[in-house]
Each structure stands twice: as C-alpha cells, then as structure tokens.
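A.B. asks: One structure, as structure tokens, below. Some questions next.
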Amino acid sequence: GSGSGGGAAAGESWYLALLGLAEHFRTSSPPKVRLCVHCLQAVLPRKPPARMEARTHLQLGSVLYHHTRNGDQARGHLEKAIPQFEDVKFEAASLLSELYCQENSVDTAKPLLRKAIQISQQTPYWHCRLLFQLAQLHTLEKDLVSACDLLGVGAEYARVVGSEYTSTEMTSFPLEFQLLLMERKLQEVHPLLTLCGQIVENWQGNPIQKESLRVFFLVLQVTHYLDAGQVKSVKPCLKQLQQCIQTISTLHDDEILPSNPADLFHWLPKEHMCVLVYLVTVMHSMQAGYLEKAQKYTDKALMQLEKLKMLDCSPILSSFQVILLEHIIMCRLVTGHKATALQEISQVCQLCQQSPRLFSNHAAQLHTLLGLYCISVNCMDNAEAQFTTALRLTTHQELWAFIVTNLASVYIREGNRHQELYSLLERINPDHNFPVSSHCLRAAAFYIRGLFSFFQGRYNEAKRFLRETLKMSNAEDLNRLTACSLVLLGHIFYVLGNHRESNNMVVPAMQLASKIPDMSVQLWSSALLRDLNKACGNAMDAHEAAQMHQNFSQQLLQDHIEACSLPEHNLITWTDGPPPVQFQAQNGPTTSLASLL
C-alpha cells in the first residue's frame with residue numbers, strides 16, 4: 001500500500017515478528033529467557049508507537065520478574081509501563097506491587113495498589129483483582145479489619161456490575177478472616193460455611209467457575225477442621241475436595257467463556273488449585289499419622305511445583321513448596337530419616353534466602369523444625385535454643401502451643417528443669433483455659449502431663465492424663481498420639497508389675513507404630529515386649545522382640561551418624577538473623593515436620 005497506511009502496517013509487522021519470537025522463546029520448555037529478553041529489548045530502540053512501547057515495557061518487566069532474579073531491571077520497566085494505557089497500567093501496577101512485597105517494601109506497594117483501584121472502576125476484571133490483592137496484603141500483616149472492608153467493597157462492586165461469580169467469591173473471602181477472628185468460637189463457623197456451600201451448590205453458571213468456587217469453599221472448610229485438629233471430622237470435606245479437583249482437571253478453560261468481564265476473575269489458576277489440594281491432603285495425612293500417604297502426595301505436589309516453577313515464578317508457588325517441605329520434614333523425623341529431614345530443612349533455608357517475605361513468614365517454623373531435629377539427635381541444649389528462638393518469632397497461637405509442648409518435652413528429658421517446666425505446663429493446661437481450640441494440641445498437652453507424672457513416679461496421675469489423651473486421639477484418629485499413649489501406659493503397667501495389662505497396651509501400640517510407621521515408638525515397644533516376655537518366661541517371644549529391638553536400634557544409629565556428619569548439621573547452632581549460607585549443601589532431596597503431633 002502507499003502512504004502512511006503502508007508504513008504503519010510495515011512498522012507493525014517487524015514489531016509483531018519480534019513479539020512472536022519473544023513469545024516462542026518464553027514458552028519453550030525450559031523457557032529461553034535470555035533470548036526472549038533480547039527480542040523484547042530490540043523493540044524499544046526502534047521507537048514503536050506509544051501503546052506498543054508501553055506493552056513491551058510491561059512484558060519485559062513481567063519476564064524479568066517471573067524468570068530472573070533481576071528485580072531492579074524488572075522494576076524499571078514496570079515503572080515505565082504504569083503511566084500508560086488502561087490495559088497495561090493495571091497489570092504493571094499489580095506486578096510491581098508484588099515485586100515490592102517480595103522485597104519487603106509493603107509500604108510502597110499499598111499506595112500503588114490504592115491508586116490503581118481508584119482509577120480501575122471502568123475495568124471490572126482489574127478492579128476486582130487489585131482489591132483482592134490489597135486485601136491479601138492486609139491479611140499477611142494480620143490487619144484483618146482492613147482486609148474485610150476491602151472485600152466488602154469488592155463484593156458490592158461485583159454486585160453493581162452484575163457479576164454473581166466474583167461477588168460470591170469476594171464475599172466469601174471474609175470467611176477466611178472470620179475463621180481467624182473466631183478461633184474461640186468454632187461452632188459458629190460451621191453454619192456459616194454450610195450456608196456458603198449451599199450458595200455455591202445453587203449457583204447456576206459456567207461449570208469451571210462453579211467447581212473453582214467449590215474448591216475455594218472446601219479448602220476453607222478443610223483448613224478450618226485441620227486448624228481445629230479434627231482429623232476424622234474433616235474426611236468427608238477432604239474427599240469432596242479431591243473429587244472436585246478431578247472434575248476441574250477434566251474441564252477445559254475454553255469450553256465456555258463468561259459474557260461478563262468481571263467473571264474472568266479467578267481466585268487461583270487451575271494448576272495452582274491442584275497443588276493446593278495435594279498440600280491440604282499432606283497436612284491431613286501428617287496429622288492423622290498416615291505418613292506413607294503424606295510422602296506420596298508430597299512427591300506428587302513437588303513434581304508439579306517443579307514443572308510450574310519453570311514457567312511461572314509466582315510467589316505463592318514458593319509458599320506452597322515451603323509448607324510442603326515443612327510437613328514432610330516432620331514425617332521424616334518420625335519415620336527415622338533424620339539425614340533426609342536435615343537436607344530438606346536446608347532446602348527450606350535456601351527458599352527463604354531468595355525471598356525476605358517468605359523468611360519472615362516461616363522463620364518461626366524453620367527454628368521449630370530445627371528444634372524437632374535436635375530432639376531426634378539428642379542435642380537437648382540446641383533444641384531448647386531453637387524452640388526459644390521460635391517462640392520469640394511467632395505470633396500464631398497454634399504454633400506457639402505446639403512449640404511450648406515440645407519445649408516441655410525437652411525439659412522433661414533433661415530432668416533438672418522443674419521450675420521452667422512447671423511454668424510452661426501451667427500455660428498449656430488442658431484441664432482449664434487451654435490457649436487454643438485445637439483438639440490435637442489439647443490431646444498432646446494431656447500426653448505431656450502424663451509423661452511428666454510418669455517421670456516423677458506418680459503413676460495413677462499419669463494414667464488419668466494418658467486416658468484423656470487416648471479418649472481424644474481415638475475420637476479424631478490421631479494415630480501417633482494413640483501409639484505414644486498406649487506404649488507409655490504399657491510401660492507404667494510394666495513398672496507396676498501388671499504384665500497382662502501392660503501386654504494389652506504394648507501389642508496394639510506396636511501394630512499402630514508399624515502402620516504409621518513411627519520409629520521411636522517401635523523401638524520403645526520392642527524393648528518393652530522383650531522385657532515383658534522375659535518376665536513371663538516366654539523365651540521365644542522375648543528373643544524375637546530382642547531381635548526386632550536390635551534391628552530398630554541399628555537403623556536409628558546409622559541414620560543418626562549420617563545426619564550428624566552432614567555439613568547442614570551445623571544449622572542447629574543458628575538462632576539469629578537470616579539462615580547462614582555456609583552450612584547448606586546444594587539441593588538435598590525433599591521433606592516434612594515431626595514431634596508429638
């Protein structure tokens with residue numbers, strides 16, 4: 001063509017060719033990030049039209065943010081994209097505020113999001129998404145009131161623009177905060193969640209969105225039960241959640257596109273939902289003491305995360321990874337794989353080094369895990385230092401109670417810390433004013449009381465506490481606590497000379513411990529069975545139990561030696577500041593969190 005039209009077409013064709021090439025490199029497997037960035041950078045010196053220039057800055061910022069550690073350059077490009085056109089500026093503002101948060105500059109992110117929210121009212125998708133993002137920011141800072149206010153605004157806006165899907169989702173999010181606010185009033189949460197479940201069931205609309213909403217509510221319900229330590233009660237919800245995610249993975253996004261642009265807003269991409277469902281399954285399996293199942297689902301989730309992280313550096317993926325590792329580390333400590341647990345603790349350290357926000361959210365958990373590892377290798381002074389550090393860093397009530405319970409077990413083992421022990425036990429008294437509503441933690445507090453009474457030779461009192469633990473752990477299928485209580489009761493009856501009753505406790509303890517599998521309870525049970533059978537004159541059975549005890553001892557000893565000889569073992573002395581780099585091996589395998597629960 002002649003004249004300016006032809007020039008424009010030719011001008012756009014080189015631009016589109018470079019963009020196409022950049023996109024090809026970005027979506028290669030693995031992504032060819034350097035080549036993609038080269039293509040995008042080649043656009044800028046040729047003075048493209050203003051809209052193209054803005055979009056190129058946005059894409060450069062996005063690629064650098066998601067695929068490299070080059071925060072400064074990403075920031076530079078995103079800042080250039082912000083003053084520009086509608087579709088570009090909101091995405092740039094959203095990404096830029098994510099970047100600020102990762103660098104722990106939350107105070108810079110907030111005004112940026114507020115401004116973008118103010119001017120995005122004509123763009124429903126971005127208006128909802130930015131409101132949501134700011135609400136999540138407030139939640140991270142535990143400012144639940146502001147978060148709820150924002151979500152209220154979002155729900156109202158969604159109603160006005162006629163998006164029932166987003167409106168349901170925006171209104172539902174305060175539930176999460178209500179759960180946090182109402183930890184003492186669990187019975188009030190149930191009807192609320194049931195009501196929301198009914199709203200979702202009756203909602204007529206796009207199948208993918210309906211399932212996505214269902215996943216959202218079920219995740220809320222499952223985490224609510226798990227926080228309350230109700231491992232048995234949660235099973236029906238968890239089953240529904242797993243079926244739901246299977247349905248979602250069979251539906252294709254392109255089946256039905258919503259007619260209302262605000263309906264495009266999704267609370268989480270499909271692939272992320274999948275990982276989230278694996279994650280809550282692992283949390284459940286660990287609490288219930290199905291450790292092989294926890295291991296299986298952790299492996300699946302970590303593989304999926306590795307694939308996703310090649311294409312997407314979204315901070316939520318690193319959070320998922322850290323939470324998975326925290327749980328699998330605990331499992332490994334129980335199953336007698338301390339060396340692997342230690343390498344995985346080191347992996348969590350590496351992930352936390354890459355993100356200050358991740359570290360500030362997980363520092364207490366990291367020190368708690370190190371404390372549990374220290375108990376498993378019998379370094380009680382270090383365990384105490386780790387738990388004390390974790391207590392200083394946490395504001396989360398359930399984690400606080402978990403740490404105090406484990407610290408009490410350290411003091412009991414040390415045997416000479418009665419004053420500190422009494423004051424700790426008073427703070428987690430399961431008989432009155434227990435500080436959290438978790439069924440599981442309260443059952444563990446009874447167990448710790450029983451253990452202390454046992455060491456003091458107050459056997460009748462110990463039996464009362466342990467029977468309380470058994471009653472609670474049987475009610476909610478808390479297998480590890482059941483096994484620990486049974487074997488300790490067996491020990492008490494043995495000491496009291498009641499061999500028949502002792503045997504009635506130790507045999508089921510051993511069966512349960514092999515099913516979990518819990519290495520230390522197996523060791524303890526086999527020693528008791530050996531002594532019991534010897535006392536009753538059953539030479540054959542005594543010999544068999546002694547052989548088992550010998551095998552468990554050997555396995556534990558080998559693992560102990562291997563763990564203590566790893567360079568990462570020196571992490572047990574770290575109690576201050578960010579995780580030290582020098583103790584970490586590169587990329588150990590993957591893992592989760594142990595102790596009494």
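The values are calculated or read from the model by the stated rules, or taken from the named source; none is laboratory data. Nothing here was measured: the structure is a model prediction, and the numbers come from that model. Note that each Cβ is placed from the backbone with ideal geometry, even for glycine, and that neighbours are counted across all protein chains shown. Calculation scope for accessible area: heavy atoms of the full protein, side chains included, ligands and nucleic acids excluded. Shrake-Rupley method; radii C 1.70, N 1.55, O 1.52, S 1.80 Å.
A.B. asks: First compute the accessible area of segment 14-103 with a 1.4 Å probe, then give the percent of it belonging to carbon and sulfur atoms.
C.D. replies: The C+S portion of the solvent-accessible surface of segment 14-103 is 55 percent.
A.B. asks: Also: With the other protein chains left in place, how much accessible area per residue, in square angstrom, belongs to segment 14-103 at a 1.4 angstrom probe?
C.D. replies: Using a 1.4 Å probe on heavy atoms only, each residue of segment 14-103 averages 48 Å².
A.B. asks: Let me ask something additional. Quick one: if the Förster radius is 35 Å, what FRET efficiency do Asn70 and Thr388 give, using the C-beta to C-beta distance and rounding to 0.05?
C.D. replies: 0.35
A.B. asks: Which sequence of Arg449, Arg500 reflects their accessible areas, 1.4 Å probe, from the largest down?
C.D. replies: The most accessible residue leads, giving Arg500, Arg449.
A.B. asks: On to the next question. If amide hydrogens are placed 1.01 Å from N in the peptide plane, which non-local residues have theirs closer than 5 Å to the one on Asn104?
C.D. replies: Arg357
A.B. asks: Using modelled backbone amide H atoms (1.01 Å from N, in-plane), which distant-in-sequence or interchain residues come within less than 5 Å of Asp312's amide H?
C.D. replies: So Asp312 has HN proximity to no qualifying residue.
A.B. asks: Now for a separate question. Which ³J(HN,Hα) values, rounded to whole Hz and listed in residue order, are derived for segment 356-361 from phi using the Karplus coefficients 6.51, -1.76 and 1.60 in 6.51 cos²θ - 1.76 cosθ + 1.60 with θ = phi - 60°, glycine and proline given as x?
C.D. replies: These are the phi-based 3J(HN,Hα) values: x, 5, 4, 5, 5, 6 Hz.
A.B. asks: Step by step: find N for segment 14-103, compute 2.2 N^0.38 Å, then divide the Cα radius of gyration by it. What's the final number?
C.D. replies: Ratio of Cα Rg to 2.2 N^0.38 Å: 1.02.
A.B. asks: Can you work out ³J(HN,Hα) from phi for every residue in segment 35-41, in order, using Karplus 6.51 cos²θ - 1.76 cosθ + 1.60 and θ = phi - 60°, giving whole Hz and x for Gly and Pro?
C.D. replies: For segment 35-41, the Karplus curve yields 5, 4, 4, 4, 4, 5, 5 Hz.
A.B. asks: How big is segment 299-407 in terms of Cα radius of gyration and Dmax, in angstroms?
C.D. replies: 14.1, 44
A.B. asks: If we count every other residue with Cβ under 12 angstrom of Arg75's Cβ, Lys/Arg +1 and Asp/Glu -1, where does the sum land?
C.D. replies: Taking every Cβ under 12 Å from that of Arg75, the sum is -3.
A.B. asks: Next question, about the same structure. So how much slack lies between Asp312 and Lys296, counting 0.36 nm per residue of separation and subtracting their Cα-Cα distance, in nm?
C.D. replies: The span from Asp312 to Lys296 would gain 3.4 nm if fully extended.
A.B. asks: Can you compute 3J(HN,Hα) from phi for each residue in segment 458-465, using the Karplus curve 6.51 cos²θ - 1.76 cosθ + 1.60 with θ = phi - 60°, rounded to whole Hz and x for Gly and Pro?
C.D. replies: 9, 5, 5, 5, 4, 4, 4, 4
A.B. asks: A further question follows. For Gln554 paired with Asn429, estimate the spin-label separation in nm (one decimal), with each label point 7 Å from Cα along the Cα-to-Cβ line.
C.D. replies: 5.0 nm
A.B. asks: Filter Lys47/Lys309; Lys235/Lys300; Lys235/Lys471; Lys80/Lys115; Lys300/Lys471; Lys296/Lys534 down to the pairs with a C-alpha to C-alpha distance above 28 Å, please.
C.D. replies: Exceeds cut-off: Lys47/Lys309; Lys300/Lys471; Lys296/Lys534.
A.B. asks: Follow-up question, since we're still on this one. Could you work out how far the C-alpha centroid of segment 375-410 sits from that of segment 227-241, in angstrom?
C.D. replies: 27 Å
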